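Provided herewith is a single structure, encoded as structure tokens, for subsequent inquiry.
The values are calculated or read from the model by the stated rules, or taken from the named source; none is laboratory data. Here the structure is a predicted model, which means the values were calculated and not measured. Cβ coordinates were reconstructed from backbone atoms using ideal geometry, including for glycine residues, and neighbour counts include every protein chain displayed. Only protein heavy atoms, including side chains, enter the accessible area calculation; ligands, DNA and RNA are left aside. Shrake-Rupley method; radii C 1.70, N 1.55, O 1.52, S 1.80 Å.
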Amino acid sequence: MRKPIIAGNWKMFKTRDEALQFILAVANKLPSKAYVDSVICSQFTVLRCLVQRQGENLRIGAQNMHFEDSGAFTGEVSGLMLKSIEVEYVIIGHSERRAMFNETDETINKKLHKAFEVGLTPILCVGEALETREANKVEEWLENQVTLDLAGLTKEQVKELVIAYEPIWAIGTGKTATADVADETCGFIRKMVEKLYDKETAEAIRIQYGGSVKTSNIDELMSKPNIDGALIGGASLKADDFVTLVNAAVK
Ligand code: PGA
């Protein structure tokens, strides 16, 4: 049995005061980590203040990292630095970063290797654009993306990895993939992992769905066998909604 994982992706939202208000509001309302992993991935400036107040039932993640430990990379933050302030997760390859900040499968692969090396748990985002789905090429697209992104990772690493299947057309648009489409595509990714590794690895890896997940659709998504959780943008910004979303994963 895979433990569900619900992760909030705050993107470039929340000042320090807003982040503190959130964490105080969710404290003691989240279920035990024995049943679900709940994670908030915030922007860099509030990571440390969240880590200091997180409590046992909430883990903290970043939304990006550089693949070098240090160097002349103005404006970047390394995985090693995140680890040094006790961050535990990092989102890698979000479609907004792929589209707006020139992330490629090659840099994403390097980041995954580095995240494991320094002891962070990566949440790798993959997913297709609307044209790809309309052209019936989703499997081809994901096959290529997953193969390139995972290149060279060991079976043990992939078992620890979290993959978020996020169709680009469903992010922030209010259009969710139907639970059946989300389940089928997450199932396809699991089969890909089996092909690249083996059945044991495919059964261990946790695959989330992301894209307009909210309190009104989480129950149906979580009822599907191949969906092990969700990566949630907009709806994770409200403390009450986040608590509801995490609780939905343990029903
Ligand atoms: P959304 O974002 O829930 O606001 O659609 C999801 C994401 O980008 O991870």
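Considering only residues that are within 14 Å of the ligand (Cβ to nearest atom), over 17 Å from residue 165 (Cβ atoms), over 16 Å from the mean Cα position of the chain (by Cα) and touching a residue at least 12 places away in the same chain (Cβ under 8 Å), which ones fall in segment 186-241?
Answer for segment 186-241, where residues must be within 14 Å of the ligand (Cβ to nearest atom), over 17 Å from residue 165 (Cβ atoms), over 16 Å from the mean Cα position of the chain (by Cα) and touching a residue at least 12 places away in the same chain (Cβ under 8 Å): 215, 241.
Need a quick list: helices (runs of 4 or more DSSP H) entirely within segment 139-225 having at least 1 residues that are aromatic (Phe, Trp, Tyr) and farther than 17 Å from residue 248 by Cα.
179-196
Restricting to segment 143-178, name every residue that is small (Gly, Ala, Ser), modelled with pLDDT under 95 and open to solvent by less than 60 Å² (accessible area, probe 1.4 Å).
Within segment 143-178, 170, 174, 177 qualify.
Can you run down the residue pairs with Cβ atoms below 7 Å, 6 or more apart or on separate chains, where the first is in segment 119-131 and open to solvent by less than 10 Å² (accessible area, probe 1.4 Å) and the partner is aromatic (Phe, Trp, Tyr)?
Short answer, once both residue conditions are applied: 120/89; 123/89; 126/165; 127/165; 128/141.
Same structure again: Can you work out which of the residues in segment 1-21 that are more than 16 Å from the ligand (Cβ to nearest atom) and among the hydrophobic types (A, V, I, L, M, F, W, C) is nearest to residue 90 (Cα to Cα)?
19
For residues that are free of Cβ contacts under 8 Å to residues at least 60 places away in the same chain and of a type in the set (Gly, Ala, Ser), scanning just segment 172-185, find the one that is nearest to the ligand (Cβ to nearest atom).
Top of the filtered list is 174.
For residue 251, are the conditions met, namely being free of Cβ contacts under 8 Å to residues at least 40 places away in the same chain and within 16 Å of the ligand (Cβ to nearest atom)?
no
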